[in-house]
Amino acid sequence: MKFFIDTANLEQIEEAIALGIIDGVTTNPSLIAKEGLQGENAIMQRYVDICNLVDGDISAEVVATDFEGIVREGEMLAELSPKIVVKVPMIKDGVKALNYFTQQGIRTNCTLVFSAGQALLAAKAGATYVSPFIGRIDDITWNGMDLIAQIIEIYANYGLETEILAASIRSSLHIVQCAELGVDVVTCPLKPILGLLKHPLTDIGLEKFLADARKSRS
Ligand code: G3P
């Protein structure tokens, strides 16, 4: 399973890269806004900076909602680097644009996916990745993992090649559940990834080993 980091923050990305387990980055307009970048040039520069830091796929999202606008923005983003994956919302013009980008050989990530039907459409349109939002589904007391299982089953039924990129991951448990189901990629902030490190028996065991090592070295 690939691990992407869901942030536009360069320090967080660097910290994640230092762990040696990061395969790519996803961003969205909210994460970009959080960085306080002003104007299109600054935003484009941030994508370039991320591409220079990371050896992997970088999702950059369009903000247009009409076909022509999505295509214009997507092509501009794709020109920044071959690492760029154009993130397109699951709307009618978005599906049309996914199909267009597929014909042009531009890789895509279909975002804001909350149902199996939407995931099926994204795959039919040739999306490289589909992003079901697990945490936001859990937030309304539905079960994000049920959706993941449904998408896996549907894609397997027809050999659809779109990779399932589980997004809106809120906890380390989400990551493990995704791995159990065989998800292709998870994207999340650094915290849930670091949470995977934790186990009280590791801490107790290490304390004991270090204490014993001190004895044999004194
Ligand atoms: O990039 C999309 C996604 O990961 C958003 O997560 O936490 O805002 O629901 P969240």
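The values are calculated or read from the model by the stated rules, or taken from the named source; none is laboratory data. Given the structure is predicted, the values throughout are model-derived calculations rather than measurements. Reconstructed Cβ throughout: ideal geometry from the backbone, glycine too, with neighbour counts over all protein chains shown. Side chains are part of the model used for accessible areas, which takes the heavy atoms of the whole protein and leaves out ligands, DNA and RNA. Shrake-Rupley method; radii C 1.70, N 1.55, O 1.52, S 1.80 Å.
So here's what we get for this one:
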| item | result |
| --- | --- |
| Along the chain, longest interval not containing exposed GluC sites (Glu not before Pro), exposed being DSSP loop plus at most 16 other Cβ atoms within 10 Å | 36-160 |
| Theoretical ellipticity at 222 nm over the chain - DSSP helices of four or more residues, -39500 (n - 2.57) apiece, nearest 500 | -17000 deg cm²/dmol |
| Calculated FRET efficiency for the pair Asn99/Asp23, C-beta based, R₀ 22 Å, to 0.05 | 0.25 |
| Segment 72-189, accessible area per residue, ligands and nucleic acids excluded (1.4 Å, Å²) | 46 Å² |
| Volume per residue that the Cα convex hull of the chain spans, once the total is divided by residue count, Å³ | 145 Å³ |
| Candidates Thr65, Thr141, Thr187, ranked by Gaussian network fluctuation over the chain, Cα under 10 Å, top entry | Thr141 |
